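Input: a single structure, listed below in structure tokens.
The values are calculated or read from the model by the stated rules, or taken from the named source; none is laboratory data. Remember, predicted model here, so these are calculated numbers, not experimental data. A quick note on method: Cβ atoms are made from the backbone with ideal geometry, for glycine too, and the neighbour counts reach across all protein chains shown. Note: areas computed on protein heavy atoms with side chains; ligands, DNA, RNA excluded. Shrake-Rupley method; radii C 1.70, N 1.55, O 1.52, S 1.80 Å.
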Amino acid sequence: MMTIMEFSNVIAIDGPSGSGKSTLAKRLAAELNLLYIDTGSMYRALALKASEESLSTVSPPEEELKKFLAKINLRYLGNLSDKLIEIDGVDFTAKIRGHQVSELASNFSKITMVRDFLTDVQRKLASEKIVVMEGRDIGTVVFPNAFCKIFLSASSEVRAKRRWLELNERGQNIDLDVVLKDIEQRDHKDINRDTAPLKKAIDAHEIDSSDKDQEQVLALIKEIVKKTATEKGIDFI
Ligand code: DC
């Protein structure tokens, strides 16, 4: 029987914006008592911090970006605390979900130096315990040997509707058409960027959630995780 040492201690959940990754990854981690890692929050917080320091998130001068990253102290707390993420001792949790920050993060995440910096942070977080990590490139680049990989998809219309409802609940009134266009633009950027583009890992299990509710998708994910863990001799459930 194989042991967990042959794989990374990671349940990787990748997929496009609005595919339901965050909610599902969070619920899965809570049910299995594992650390939940939302890598999008890292791209968001870092991009917002850059913008607060007047560093361009589109084409920052290389030396300035290097200096910026060298002095950043990013702490990810996840479900260990009410705070998800802190930069230089300041809680960024509440201010990273807005529409503008999505745009900043989408641009900043295209830059290789930014991706290398956060990939390193993400690898360190999973070095000791089993984690549920969600993002765009977890199963392909950050942890190509994650013991279990899920790729969540859904039509852009369904994803836009979900995102629109979420923004409305937060009091951000925005047209559904705008959200749809935004999702399609972000998909285009995520899929076509040179470094770590969004794509399904060949060994990932794909779940299309367009016509499924959250409970159904969670049940499917749990089934896949259990089956994979058993096949690979990993005993944590
Ligand atoms: O999942 P999210 O919408 O919070 O992600 C914010 C942005 O960060 C999004 O444009 C994609 C990018 N991202 C990424 O490139 N790689 C990741 N692992 C996670 C997010």
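A few notes on this one:
- Candidate set: the stretch 185-230, residues that are among the charged types (D, E, K, R) and within 16 Å of the ligand (Cβ to nearest atom); chosen: the one nearest to residue 103 (Cα to Cα): 186
- Residues of the stretch 28-56 satisfying the condition of being hydroxyl-bearing (Ser, Thr, Tyr) and either buried (at least 24 other Cβ atoms within 10 Å of the Cβ) or within 9 Å of the ligand (Cβ to nearest atom) (or both): 39, 41, 43
- Residue satisfying all of: in the stretch 43-91; touching a residue at least 40 places away in the same chain (Cβ under 8 Å) and of a type in the set (D, E, K, R); nearest to residue 117 (Cα to Cα) among these: 66
Conditions tested, residue by residue: (1) open to solvent by 10 Å² or more (accessible area, probe 1.4 Å); (2) at pLDDT 95 or above; (3) in contact with a helix residue (DSSP H, G or I) (Cβ under 7 Å, 6 or more places away or on another chain).
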position	(1), (2), (3)
106	no, no, yes
116	yes, yes, no
125	yes, no, no
128	yes, no, no
134	no, yes, yes
139	no, yes, no
142	no, yes, yes
152	no, yes, yes
162	yes, no, no
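- Matching residues, the stretch 164-208, being among the basic types (Lys, Arg) and surrounded by 12 or more Cβ atoms within 10 Å (Cβ to Cβ): 181, 186, 189, 193, 199, 200
- Of the residues making up the stretch 214-237, those that are open to solvent by 90 Å² or more (accessible area, probe 1.4 Å) and free of Cβ contacts under 8 Å to residues at least 24 places away in the same chain are 215, 216, 223, 226, 227, 230, 231, 235.
- Residue within the stretch 2-14 that is within 10 Å of the ligand (Cβ to nearest atom) and in contact with a Leu (Cβ under 9 Å, 6 or more places away or on another chain) present: yes
- Selection count where residues are of a type in the set (Ser, Thr, Tyr) and within 13 Å of the ligand (Cβ to nearest atom), scope the stretch 126-157: 1
- If the condition is being hydroxyl-bearing (Ser, Thr, Tyr) and part of a loop (DSSP other than H, G, I, E, B), then the stretch 181-237 contributes 195, 209, 210.
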